[in-house]
Amino acid sequence: MSEEFQRAQAFSPQPVSVRQALQEGTKFLSQMGVESARLDAELLLGRVMGWGREKLYLNYEVPLGTHGRAMYHFFLRRRARREPISYITGQREFWSLDFLVTPEVLVPRAETELLIEVVLEVLGQVHKNFPLKVLDLGTGSGAIAVSLAKEWGDIEIWAGDLSREALEIARTNAARQGVKEKIHFFQGDLFESFRGQLGFFHVVVSNPPYVRRDEMQNLPPEVRDWEPRLAWDGGLDGLDLYRRIIQEGHLYLTDGGFMVLEIGADMRDKVSRLFTGVGTYSESSVFQDYAGRDRVFVARKLP
């Protein structure tokens, strides 16, 4: 790998156009085994130029300056080591919003946008005249909390995480999107900061870690080697956090409040049994993502 990498990274020092730079970057990333080589080359060069992908194609023959080319090559080498694109560019689009992303937080996934859709749907079933209260457990970059705050006018969100660094990223994203006044951030382990607020929240939402520990090594290197292990490791059976959230969560929900959880594609029956075992939830629903996989589990607290 190291010899191959040294050979492949010997970029030509000659001036190049945007078109040539894209060809060069695509070839290099392909040689290094990156499957999305062309797309990644476009995103990295776009970051260097400060352009979107469309503008790259409209300026194919524009020359790439010395400084820009050096930065582009630096980015390409980082990507060749399988560092996620979002960590290199420092941003990720989610729910049509731009989020600051660093190695301290999980990279928001498009599949999780279904979680936002479902929460918005259940909020519409909560008939209250005062601000609806939502608890986001394990907020990470704040993608869920910020997206909900942008979409729903009369809402108050409590967003928590164990990581102080992650919360700083989430606060920054809330400020950038103009919703920091709607979100209260707290550092803590799940419900520990709310022991005196029983029956307080209309919705508890979370995307807990759900990868089984013996499967962690099978994750793509972009995930396994770069993203926070805390955000993926679900314990021996992948259900460690689900047990705690489901067993305790009903205490903090209003009567008729909703628990909305993202789940792994093979977790439907196991999560359903956890809810049934608690005995305080009524109807439940499972929503599938656009690939037809189980993705979001919803249960409602008995009145």
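Every number here is computed from the coordinates shown, using simple stated rules; none is lab data. Because the structure is a prediction, the values reported are computed rather than measured. Neighbour counts run over all protein chains shown; Cβ positions are idealised from the backbone, glycine included.
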So between Asn218 and Phe186, what do we pick up on full extension, going 0.36 nm a residue minus the alpha carbon distance?
8.3 nm
When the chain is modelled as a GNM with alpha-carbon springs shorter than 10 Å, which of His73, His202, His250 fluctuates the most?
His73
Simple SL model, points at 7 angstrom along Cα→Cβ for Ser17 and Gln247; separation in nm is 6.5 nm
If you put +1 on each Lys and Arg Cβ and -1 on each Asp and Glu Cβ, how big is the dipole of the chain around its Cα centre, in Debye rounded to 20?
500 debye
How many nm is it between the label spots at Arg38 and Arg77, if each spot is 7 Å from the Cα in line with the beta carbon?
2.7 nm
Apply the Karplus parameterisation 6.51 cos²θ - 1.76 cosθ + 1.60, with θ equal to phi minus 60°, to every residue of region 54-63 and state each ³J(HN,Hα) to the nearest whole Hz, in sequence, with x for glycine and proline.
4, 5, 4, 6, 7, 10, 4, 9, 5, x
Summing -39500 (n - 2.57) over the DSSP H runs of n ≥ 4 in the chain and dividing by its residue number, what mean residue ellipticity at 222 nm do you reach, to the nearest 500 deg cm²/dmol?
-11500 deg cm²/dmol
Need one number: the % of Cα-Cα pairs in region 15-119 sitting beyond the 24 Å mark.
27 percent
Zone of Arg176's modelled label, taken as backbone nitrogen in region 133-154 under 12 Å from a point 7 Å along Cα→Cβ:
141-143
I'd like to know how the chain sits against the 2.2 N^0.38 Å rule of thumb: what's its Cα Rg over that expected value?
1.13
Charges at C-beta only: +1 for Lys and Arg, -1 for Asp and Glu. How large is the resulting dipole of region 45-192 about its Cα centre, in Debye rounded to 20?
800 debye
Under the 7 Å Cα-to-Cβ spin-label approximation, Lys27 and Asn59 lie apart by a distance in nanometres of 2.4 nm
Using θ = phi - 60° and Karplus 6.51 cos²θ - 1.76 cosθ + 1.60, couplings along region 161-173 (whole Hz; Gly, Pro as x):
7, 6, 8, 5, 5, 4, 5, 5, 5, 4, 4, 4, 5
Amide H contacts of Phe94 (H built 1.01 Å from N, under 5 Å, at least 5 apart or other chain):
Phe99
